[in-house]
Structure formats: structure tokens, C-alpha cells
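Notes follow the structure.
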Amino acid sequence: MKASYLNALKAALQEHRASEKDLDEVLSDYDQLYEDAKASGKTDDEVWQMLGEPKEVAHDLIDTLQLKKEKNIKTKIIAVMPFISLIIFFVLGFYENLWHPG
């Protein structure tokens, strides 16, 4: 039951694109919390209820985690577009005197 809880938590954190370092730390912490609760005599269902649903836990923790940033060529092109447009505007304006269409 502990393994299924930790696997569900890991899957939920991966959906939120948590970094590997944070993922390992959170899973380690919840592993210890699970063991402590079991040692105090709680059943698996009680522990699951005490710790919370994995998706809710991941949602609550997402503000404290570093997220993976996807490197995407589209985002770089979009970021550079205003500068390219401005350069084209000035080139057409100064060399071809095409200020009006711009």
C-alpha cells in the first residue's frame, strides 16, 4: 500500500513537472511520514487519509517546488519576433521610404 501511495504521488508530481531533486525530496519525506504513521499503529487506509490524496498533496506542494522548464524553439522564435519586426520596419522605412505601409 505504501508503494502504491508513493507511486501515485510521484505520478501526480510529474504531471506538475516537478524537478527531479524536489521529486526525490518529497518522496523521501512522505516515505518517512508513512513509516512513522505505520509505526504508531495506524492502518494503511488511516495513513492514506492522514497524508491526503496524492493529487491534492501535489497540488498543495506545487507552489514550493521548482518546475522543469521546457526548452522549446517556438518560444524562442516568439520572443525574438518583436525585434525582427522592428528591424524590418526601420530597414523598409529608411532605405525604401516605405513608412506608410508599416
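What follows draws every value from the coordinates through simple rules; no lab data is involved. These figures come from a predicted structure and were not determined experimentally. Virtual Cβ from ideal backbone geometry, glycine too; neighbours counted across all protein chains shown.
Specify which residue in the list Val47, Tyr5, Gln32 is farthest towards the positive end of the charge dipole of the stretch 2-68, using unit charges on the beta carbon of Lys, Arg (+1) and Asp, Glu (-1), about the Cα centre.
Value computed over the given set: Tyr5.
To the nearest 20 debye, what is the magnitude of the charge dipole of the chain about its Cα centre, counting +1 on the Cβ of each Lys and Arg and -1 on the Cβ of each Asp and Glu?
In debye, rounded to 20, the chain gives about 720.
How many lysine pairs are close in the chain, with Cα atoms under 23 Å apart and the two 8 or more places apart or on different chains?
For the chain, the number of qualifying lysine pairs is 21.
Apply the membrane-span-like helix rule to the chain: whole DSSP H runs, Cα extent along the own long axis of at least 18 Å, mean Kyte-Doolittle hydropathy at least 1.0. List the helices found. Intermediate results must be reported in sequence, preceding the final value.
Values: long enough: 2-15 (20 Å, -0.13); 20-39 (28 Å, -1.17); 73-96 (32 Å, 1.74).
Taking the DSSP H segments of the chain (at least 18 Å long, mean hydropathy at least 1.0), we get 73-96.
FRET efficiency for Ala8 and His100, Cβ-Cβ distance as r, R0 = 41 Å, nearest 0.05?
0.10
Could you give the length gained by full extension between Glu25 and Lys74, i.e. 0.36 nm per residue of separation minus their alpha carbon distance, to one decimal place?
14.4 nm
Considering only the other residues whose Cβ falls under 15 Å of the Cβ of Ala37, what net charge follows from Lys and Arg at +1 and Asp and Glu at -1?
Charge balance in the 15 Å sphere: -4.
What relative contact order, as a whole-number percentage, does the chain give when Cα pairs under 8 Å and 6 or more residues apart are counted?
32
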